Structures are given as structure tokens and as C-alpha cells.
Amino acid sequence: MNKFLGIFILAIFSFSCSSNLDFNQVNNLKLEPVFVANLASFDVSANQFVTNGAEQDVFLDVANFDVFKDSFFDKSLKKAELFFEINNTINRAYSIDLVLLDVNDTPLYTIPFNVPAYSGAENLVTKTEIFENNNLVLLKSTTKIAFTITMLTGPPLSESSLGSLKMRSSATVYLVVR
């Protein structure tokens, strides 16, 4: 009886419904992932704008930016949003330029910021730059980012001056993978 029941159940499963699978559907697969990552940051104390008792009006830093050396990322990137937040607790106003540079140090795109002097209340400056179409081509050509911080006129700073100028940024990237 057990043999008969086993053969009967096996026979039922042998005649189950099935359909042909279309493995060509994978050719139509399109993934659209979104990633968020830290981009760049700095924290400059007020006393770093003073050298040997003299104010330094301009502060320059250049960082390598080789994200697009990877051909997959370069090919798949469809949009990028760069978010910046600057917090000034120094009693001086600043002009900040973030400049995207190509392999020959040629400026491709400039993102300007006007940062007011600290007056006792929270002093945040935020900005979002969206790169699509032609601007995305410029972003993909970027190999370095230059930060130029220019201190505007105001009360003199000394080596004992308090406060800082902080920037943090992030990138949200939209990819299309086929």
C-alpha cells in the first residue's frame, strides 16, 4: 500500500502545470539605484586665518576627485545632486568658491557661496547643485576640486580669535544600469 501511495503521489507531481520560461526578459532589465555619500568637508578655526599676527585674506585647498575614472560609474551616472552646508561662527563674512577642475587644472564649473558674519544666532548657509545633461558632462570631467575661501572686511582677527568656518557636503547620485 505504501509503494502504491508513493507512486501515485510521484505521478501527480509529474503531471503538474508548468510554462516555458523566457530568459530573454533579462535583456530588458533596468536598475535605477540611488546612492548618498559624503563628498568633502573642512573645519577652519578663526586663528588659522592669522599667521605671525597678520590676517590671511585667502585660504586655498585643492583635493583630488577621481570618482569618474571608473568607466562603469561614468557610463551609468544620469544625475547628481551635491548638497553643501556651511556653518560660520566667526564674526567675519566670507566668500567661498568651490571650483571643479579638469585634468589640466582648467576651471569647469564654479559653485559660489556668500557666508555672512556670525552675529550670535545660528548661521547656516545651504545650497544644492543639480548636475544633469551638459552640467553632468562637466562633473564627469572633474578630476580636482579647489576650495577658495576669501575673508571679507570686518573686525580684525588674532591668534586668540574664537569660532570656526565649517563645511560639510554630500552627493546623491542617480544611476541607470542596463
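How many residues, within the stretch 102-133, are of a type in the set (Ser, Thr, Tyr) and under 20 Å from the mean Cα position of the chain (by Cα)? Break it down stepwise before answering.
Start the filter on the stretch 102-133 by keeping residues that are of a type in the set (Ser, Thr, Tyr), which leaves 106, 109-110, 118-119, 126, 128.
Cutting the leftovers down to under 20 Å from the mean Cα position of the chain (by Cα) gives us 109-110, 126, 128.
Result for the stretch 102-133: 4.
If only residues of the stretch 112-147 that are charged (D, E, K, R) and touching a residue at least 40 places away in the same chain (Cβ under 8 Å) are counted, the one that is farthest from residue 73 (Cα to Cα) is 127.
Screening residue 43 on (1) farther than 13 Å from residue 165 by Cβ; (2) open to solvent by 50 Å² or more (accessible area, probe 1.4 Å) shows it passes everything except condition (1).
Here residue 78 meets each of (1) under 22 Å from residue 126 (Cβ atoms); (2) in contact with a Leu (Cβ under 9 Å, 6 or more places away or on another chain) with one exception, condition (1).
Just to be sure, is residue 72 among the aromatic types (Phe, Trp, Tyr) and surrounded by 14 or more Cβ atoms within 10 Å (Cβ to Cβ)? Before you say what the answer is, go through the steps one by one.
Working: among the aromatic types (Phe, Trp, Tyr): yes; surrounded by 14 or more Cβ atoms within 10 Å (Cβ to Cβ): no.
Taking the combined requirement at face value, the residue does not satisfy it.
The single condition from (1) within 15 Å of the chain's Cα centre (by Cα); (2) surrounded by 12 or more Cβ atoms within 10 Å (Cβ to Cβ) that residue 148 fails is (1). Within the span defined as the stretch 107-116, one or more residues are open to solvent by less than 80 Å² (accessible area, probe 1.4 Å) and more than 22 Å from residue 171 (Cα to Cα).
Among the residues making up the stretch 21-40, those that are open to solvent by 80 Å² or more (accessible area, probe 1.4 Å) and in a loop (DSSP other than H, G, I, E, B) are 21, 22, 29, 30, 32.
The values are calculated or read from the model by the stated rules, or taken from the named source; none is laboratory data. Because the structure is a prediction, the values reported are computed rather than measured. In this analysis, Cβ positions are derived from the backbone assuming ideal geometry, glycine residues included, and neighbour counts consider all displayed protein chains. The area values use the complete protein model at the heavy-atom level, side chains included, leaving out ligands, DNA and RNA. Shrake-Rupley method; radii C 1.70, N 1.55, O 1.52, S 1.80 Å.
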